[in-house]
Amino acid sequence: MIKIKFWGVRGSIPCPGPRTMKYGGNGACIQLTVDNRNEIIIIDAGSGVRELGNSLIKHELPKGPLKISIYLSHTHWDHIMGFPYFVPIYIPGSKLKVFGPVSFEDEPLKDVVGGQMKYRYFPINIGELAAEIEYERLREEPKIDLGGGLIMTTKILNHPITALGYRFEYKGKTFCTCYDHEPYRNLFITDPEHPEYDEAMAYEGEEVAKEQNLAIEDFFRGADLLVHDSQYTKDEYQSKIGWGHSTFEHAIASANRAGVKKLILFHHDPDRTDDQIDELSKTYCEPGKYGDTEIVFATERSEIIL
């Protein structure tokens, strides 16, 4: 059994308040629980990780020291900002491993994540934490054996800095994340009337974009559950090209082509209200409208069992 619980579903910045109470206003954080595994797996440390930490202290710490693995999709602030408020890092005996990509060779993951815990920003320095914490840089890699029958694959996504999608496979069930991610596009001039148009380069750019988009679909092909970036509608995206996020239309079409059983639309725009998401649900979540894939919007505190 794999159990997935959402502790934060928003993108860009936390937005708690009366207009976001139904779907949630906290930044990205997902908890993964796997059968008989003495380890807590967390994907991203947005502001939602604070409440997750409080829950672990209340329900799990009484059973013994905490063993936690945090997998960061990338190190943009909205995906790491909850780390200083994650109570287990202050508990002696807690053992944490923090995994994730970094974009600059001379900046280790510890410095990127811990850089926000300097006295100019925060009252406690990264070196003062009581827990035992290790940091490990990840790259794109297939079939990483995490032990106990759990297999993880990482995939580089299309974002302004290095970002990774995660694919977890356990006893015939597959859970994938694909955020923060934007569909690949042709970066060359495609207008034949443009003075700098080059037919060969335009063709090559189109082929490369198709190839990369297919590779992403292959990454989550056949998944039982896919959490996919879907911050914008197709119309909204026209003014957000290059920001590193997908549309509902792209996420749904990709999931259907890849034979995904259930798609969770994730990384909600901070300006998107509960009422607006309800209206979008009527458009995008109607059973069978866009194919066989079941489609729902991510909701804070919701749980799914595979």
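Structure summary
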{"read-out": "Test: residue in region 276-288 that is touching a strand residue (DSSP E or B) at 6+ places or on another chain (Cβ under 6 Å) and surrounded by 23 or more Cβ atoms within 10 Å (Cβ to Cβ)", "value": "no"}
{"read-out": "Residue match in region 54-73 (condition: surrounded by fewer than 21 Cβ atoms within 10 Å (Cβ to Cβ), touching a strand residue (DSSP E or B) at 6+ places or on another chain (Cβ under 9 Å), within 17 Å of G25 (Cα to Cα) and not basic (K, R))", "value": "no"}
{"read-out": "Failed condition for E236, given (1) touching a strand residue (DSSP E or B) at 6+ places or on another chain (Cβ under 8 Å); (2) of a type outside the set (S, T, N, Q); (3) assigned to a loop (DSSP other than H, G, I, E, B); (4) over 23 Å from M152 (Cβ atoms)", "value": "(3)"}
{"read-out": "Residues satisfying the stated conditions in region 134-175, i.e. under 19 Å from Q31 (Cα atoms), under 17 Å from the mean Cα position of the chain (by Cα) and in a strand (DSSP E or B)", "value": "M152, T153, T154, L164, G165, Y166, R167, F168, E169, T174, F175"}
{"read-out": "Test result for A215, over 27 Å from A251 (Cβ atoms) and not in a loop (DSSP other than H, G, I, E, B)", "value": "no"}
{"read-out": "In region 16-33, the residues that are under 26 Å from T153 (Cβ atoms) and touching a Lys or Arg at 6+ places or on another chain (Cβ under 8 Å)", "value": "G27, A28, I30, Q31, L32, T33"}
{"read-out": "G222 being surrounded by fewer than 21 Cβ atoms within 10 Å (Cβ to Cβ) and part of a loop (DSSP other than H, G, I, E, B)", "value": "yes"}
{"read-out": "Pairs, first in contact (Cβ under 8 Å) with a residue 40 or more places away in the chain in region 107-122, second aromatic (F, W, Y), C-beta under 8 Å, six or more apart", "value": "V113/F83; V113/Y135"}
{"read-out": "Test: G100 is crowded, with 17+ Cβ neighbours inside 10 Å, over 28 Å from K171 (Cβ atoms) and in contact with a Lys or Arg (Cβ under 9 Å, 6 or more places away or on another chain)", "value": "no"}
{"read-out": "Region 189-212: number of residues that are acidic (D, E) and in a helix (DSSP H, G or I)", "value": "5"}
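Each reported figure results from applying straightforward, stated rules to the coordinates on display, with no laboratory input. Here the structure is a predicted model, which means the values were calculated and not measured. Note that we place each Cβ from the backbone using ideal geometry, even for glycine, and neighbour counts take in every protein chain shown.
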